Ligand SMILES: [Zn+2]
């Protein structure tokens, strides 16, 4: 789960259109929010990911659901209120169901940084410092679903760690003078850039992958090697900053 910046509402969703769609929903109970201009803008806002579990939408049948943070049956006047709409996968949408976030709040990632309320422990989210908001979010969204979330998180983070072990081996050889070719240097530097991009906010399960990489002892050694060889460049610094901002501490 990562913080998202809410982008501007789609221009088609004028005050007049909002009134019209809201009335239509109240009278006819139609899915008035399921229009391309709303769905496409929400998809863009989350880089094509579910706002809760960070799975990629549009892949493996995980098409995007428009999530009503304040559920539409209890709060029909907010059915197309831009600040109430979020992009979400079917799993998270189903788990949240008609949970009342006004009476029993969960994290709205466009308003609250999940890192203030959640930590990671073995690919499972835990509440930070007994945060009630964190605990309710984990339970309502069922964020520690072993088969659908914890195992895929482990697989993707483990793959990143395998890649890290592979390229740090090459970096150690380069440092020790075993292979100091330009080709080897390019593999090391660009390999690390590619790896860090897998933990970029655009990527699937970015909070998990970022946390796994940034706190890995191999990563810390790798960075030290590149700095000592003057190979730690401005692009690496920039990508790393984004990864740190995505990781949980
Ligand atoms: Zn989800």
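For residues that are under 25 Å from residue 13 (Cβ atoms) and away from the ligand (no atom under 16 Å from the Cβ), scanning just the range 106-136, find the one that is surrounded by the fewest Cβ atoms within 10 Å (Cβ to Cβ).
111
Pull out all pairs, ordered by first then second residue, where Cβ-Cβ is under 7 Å, the residues are six or more apart or on different chains, the first lies in the range 86-102 and is farther than 12 Å from residue 51 by Cβ, and the second is more than 10 Å from the ligand (Cβ to nearest atom) and in a helix (DSSP H, G or I).
Final answer for the pair search is 95/140; 99/140.
Search the range 84-103 for residues being away from the ligand (no atom under 14 Å from the Cβ) and over 22 Å from residue 40 (Cα atoms), and hand back the single one that is modelled with the lowest pLDDT.
Among those that are away from the ligand (no atom under 14 Å from the Cβ) and over 22 Å from residue 40 (Cα atoms), it is 98.
Tell me which residues, restricted to the range 139-196, are under 30 Å from residue 97 (Cα atoms), away from the ligand (no atom under 16 Å from the Cβ) and out of contact with any helix residue (DSSP H, G or I) (no Cβ under 6 Å at 6 or more places or on another chain).
Those that are under 30 Å from residue 97 (Cα atoms), away from the ligand (no atom under 16 Å from the Cβ) and out of contact with any helix residue (DSSP H, G or I) (no Cβ under 6 Å at 6 or more places or on another chain): 154, 155.
State which residue is farthest from the ligand (Cβ to nearest atom) when the search covers only the range 46-83 and only residues that are under 15 Å from residue 5 (Cα atoms) and buried (at least 20 other Cβ atoms within 10 Å of the Cβ).
46
Keeping to the range 111-147, report how many residues are touching a residue at least 40 places away in the same chain (Cβ under 8 Å) and under 19 Å from residue 244 (Cα atoms).
Going through the range 111-147 one residue at a time, the tally reaches 9.
Is it true that residue 88 is more than 25 Å from residue 102 (Cβ to Cβ) and surrounded by 17 or more Cβ atoms within 10 Å (Cβ to Cβ)?
No.
If you take the residues in the range 204-225 that are under 11 Å from the mean Cα position of the chain (by Cα) and crowded, with 22+ Cβ neighbours inside 10 Å, which one is nearest to residue 88 (Cα to Cα)?
The selected residue is 205.
The values are calculated or read from the model by the stated rules, or taken from the named source; none is laboratory data. Everything numeric in this text was worked out from a predicted model, so none of it was measured. Neighbour counts run over all protein chains shown; Cβ positions are idealised from the backbone, glycine included.
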